[in-house]
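Everything below concerns the one structure shown next.
The values are calculated or read from the model by the stated rules, or taken from the named source; none is laboratory data. Fair warning: this is a prediction, and the values are worked out from it, not measured in the lab. Cβ placement follows ideal geometry from the backbone for every residue including glycine, while neighbour counts extend to all protein chains displayed. Side chains included, ligands, DNA and RNA excluded: accessible areas come from the protein's heavy atoms. Shrake-Rupley method; radii C 1.70, N 1.55, O 1.52, S 1.80 Å.
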Amino acid sequence: MGRRNRNVNKFAQRKRDRKEQEKNPKEKNEGDTRKHYEDIVRENASFEEYYKKQKVCPEDQWEEFMKTLKSNLPTAFRITGSKSEADALSNLVKSEYFSEILNMKLKVEGKEEEEEIKPINLSWYPGGLAWQLRLSRTDIRRSEPLYRLHNFLVAETAAGGVSRQETVSMIPPVVLQVEPHHKVLDMCAAPGSKTAQLIEFLHADEEKIPTGFVIANDVDNSRCYMLVHQAKRLNSPCIVITNHDSGVMPSLVIADEQNPESTKPLKFDRILCDVPCSGDATLRKNPDIWLKWSTGNGNNLHGVQYRILRRGCELLAVGGRLVYSTCSFNPIENEAVVHRLLQEFGDSVHLVDVADMLPGLKFHKGMTHWRPASKDMVFYDKYEDVPENWQTVVRPQMFPPKPEDAEKYHLDKCIRILPHHQDTGGFFVAVFEKTAPLPWEKNDSQPVTEESKEKKEPPKKRRRMGGYREDPFVFFSGEQEDVFPSIKEFYDLNETFDPTCLLTRCHVGKKKNIYLVSKTVKDVVQRNESNIKIINTGVKTFVRCDNKNMTCPFRLSQEGLQSISQYIGPKRRVNILKDDLILVLQNENPSNPPDISKFSEHTQAQVKDLACGSCVLEYRSAPALALVGWRGVRSLRAYTAAPDTVHLLRLLGADYSKYDVNKFKKEAETNDMDTSEAASHSTSEDAINDADKSEAKSIDDCT
């Protein structure tokens, strides 16, 4: 009998359940009223009444606002990666993919006539790397003329060259203004698209590992593994994924630079507070909200949102910046939360006007007047009017400032994006700056010494950690670590490399994967591991590879190559020419790698005396590329996953047509074959039975 109450990885279990459901679909229960998105009637009288009375949209724009809200959301994406790769991919997108659709007219879902499809570059996004199309994901997926664009978006998303993200969702990280030295906290990070942006901004200086870091936290244990998936695409040694309730996020510590023997409280330079919300501004993407929307959703979340924002301000350093954002139209979740915090914190924090940071973005200023309402849609102008039975739902903190006080809170510095402004989802953003310590944290910046530890109150009961039990983080002890000398010698690692920044996830047994973190991340993990549940950190750098022809038992990992490359000596580097790199990538079959004799004399000369094993293949022309290679006894190959192979071939202008399949032609060919086969069969009963048996056998073979 199996163990009861064993820890189960919920994220993995859900994937298994989904696969099982696909194989054996269950009939709907009689009480199950869920509908397919396309069948949902996009109307809700209470929604319209509530927001009309709140005046979230000018009367003369109301029809346009509602019409846009009921249509499907356009596709948006941003180009990511190193500057060299991002520039090359951006140029390729404009010249190869967008040129095809600039003058094309297509039938768009929900529209009667065909429309011109013109890509829109988002003027406010840094580097011009973000785009929006007047097409929903469904439009792109179902249109044969756009199959190449669809293939591109899918493949590049898998490779990490593109991030598909809702336009307005990109705004908070932009106005947060993250720099490479900043200590950043993302309080409610899952699923991780904004976290990815924070990491990209942190790595703005590609020449060195940032001195700052990002802690990406989420209260939901299973959603934390979505963050792990995002982190693997980002290949950063400067991210820590944690699992905690943000409203009671523990105070963390780091080493005190002035006195390394002691610690000091960790205060963050930048905090993103993208709080849980009712999500009614995402109706274009999530039409099921039409069915379940009510005023109670926002009222119930107000307290949670405030607690998270308040804790964020406590963890923020003086001079630091915090962004509070929601995907809700509701002022109870937006301005009411901001106003409540400003009332309580006085002059310690203030709102920042960020309009100049978002050139070309249309928005409304924050509201200064709104009316809380109970679930039965009764609106109140003051708390005294609220009946006793609703006083636990409509709280005094939800009311707007008095008209005579409104000006001092500057709520007009908040920004509200409505769907019809530029054909997007809706969003609310408020940016805070901390100008002084909060009244109750005056002495919070004092160093924590052994003496001061004794004076503290007795330790409280530790929070019970839920979810899957994580493996430990075991850092290398230094040069004397058992596997490190062979790694250092084989890869010719220079003396500036700190082996104590390497870690594994096991105390005993063979080390299978070795991860790399930055020095600051190592300090954070080691000093706070017992205080907060850390799900994941580090980037995979070395992978065990017990190959008889290799003197070092570890090969390089593509994920960590960018971080470790600066320390690898010339002994394991190959300066490869373009044609040779294409040859390597197009012959991706590991059982039949290209023979060295097929390469140019330039490459042959470099690998002639190169010992068998893992190496770095460098292409130094634009775009500069580096990938993990393998020098066999008589061959040279690349260690790249299929999505990365397509990405690199695309950047090099090489042939990748075997990956660029037109699924519409494939389906048509399959249907033609089926028709042809059907016509050739005898109509006799015996022939039909034989065909049925044959088909059943082929299905069994596939299964």
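Going through the range 184-224 one residue at a time, which ones are of a type outside the set (S, T, N, Q), assigned to a helix (DSSP H, G or I) and open to solvent by less than 30 Å² (accessible area, probe 1.4 Å)?
K194, A196, L198, I199, L202, C224
When the residues of the range 45-73 are narrowed to those that are in contact (Cβ under 8 Å) with a residue 24 or more places away in the chain and open to solvent by less than 20 Å² (accessible area, probe 1.4 Å), which ends up nearest to E166 (Cα to Cα)?
Going through the qualifying residues, I end up with L69.
Residues of the range 115-157 being of a type in the set (S, T, Y) and in a loop (DSSP other than H, G, I, E, B), which ones?
Once the filter is applied, which keeps residues that are of a type in the set (S, T, Y) and in a loop (DSSP other than H, G, I, E, B), the range 115-157 yields S123, Y125, S136, S143.
Yes or no: the range 96-105 includes at least one residue that is under 25 Å from L135 (Cα atoms), outside any helix (DSSP H, G or I) and either at pLDDT 85 or above or touching a Leu at 6+ places or on another chain (Cβ under 9 Å) (or both).
For the range 96-105, residues under 25 Å from L135 (Cα atoms), outside any helix (DSSP H, G or I) and either at pLDDT 85 or above or touching a Leu at 6+ places or on another chain (Cβ under 9 Å) (or both): present.
Quick check on this structure: which one of V175, V168 is surrounded by fewer than 22 Cβ atoms within 10 Å (Cβ to Cβ), more than 19 Å from L649 (Cα to Cα) and β-branched (V, I, T)?
V175
Name every residue in the range 614-639 that is in contact with a helix residue (DSSP H, G or I) (Cβ under 7 Å, 6 or more places away or on another chain), of a type in the set (S, T, Y) and under 19 Å from A159 (Cα atoms), in order of residue number.
Y619
Report, by residue number, each residue of the range 225-236 that is of a type outside the set (A, V, I, L, M, F, W, C) and either assigned to a helix (DSSP H, G or I) or surrounded by fewer than 24 Cβ atoms within 10 Å (Cβ to Cβ) (or both).
If the condition is that a residue be of a type outside the set (A, V, I, L, M, F, W, C) and either assigned to a helix (DSSP H, G or I) or surrounded by fewer than 24 Cβ atoms within 10 Å (Cβ to Cβ) (or both), then Y225, H229, Q230, K232, R233, N235 are the ones that fit.
Does R78 meet the test of being in contact (Cβ under 8 Å) with a residue 24 or more places away in the chain, open to solvent by 50 Å² or more (accessible area, probe 1.4 Å) and not in a helix (DSSP H, G or I)?
no
Would you confirm, using the coordinates I've provided, whether Y639 is at pLDDT 95 or above and within 23 Å of E85 (Cβ to Cβ)?
no
Restricting to the range 427-444, give me the number of residues that are assigned to a loop (DSSP other than H, G, I, E, B) and either open to solvent by 90 Å² or more (accessible area, probe 1.4 Å) or modelled with pLDDT of 75 or more (or both).
6
Regarding the range 70-79, can at least one residue be identified that is within 20 Å of N334 (Cβ to Cβ) and out of contact with any helix residue (DSSP H, G or I) (no Cβ under 6 Å at 6 or more places or on another chain)?
no
Here's the yes/no breakdown for (1) closer than 30 Å to C238 by Cβ; (2) modelled with pLDDT of 95 or more; (3) open to solvent by 30 Å² or more (accessible area, probe 1.4 Å):
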site: K118; (1), (2), (3): no, no, yes
site: G127; (1), (2), (3): yes, no, yes
site: S136; (1), (2), (3): no, no, no
site: D139; (1), (2), (3): no, no, no
site: N151; (1), (2), (3): no, no, yes
site: T157; (1), (2), (3): yes, no, yes
site: G161; (1), (2), (3): yes, no, no
site: P180; (1), (2), (3): yes, yes, yes
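Of the residues in the range 620-644, how many are hydroxyl-bearing (S, T, Y) and farther than 12 Å from P590 by Cβ?
Residues flagged as hydroxyl-bearing (S, T, Y) and farther than 12 Å from P590 by Cβ within the range 620-644 amount to 1.
Out of (1) part of a helix (DSSP H, G or I); (2) open to solvent by 10 Å² or more (accessible area, probe 1.4 Å), the odd one out for K264 is which?
(1)
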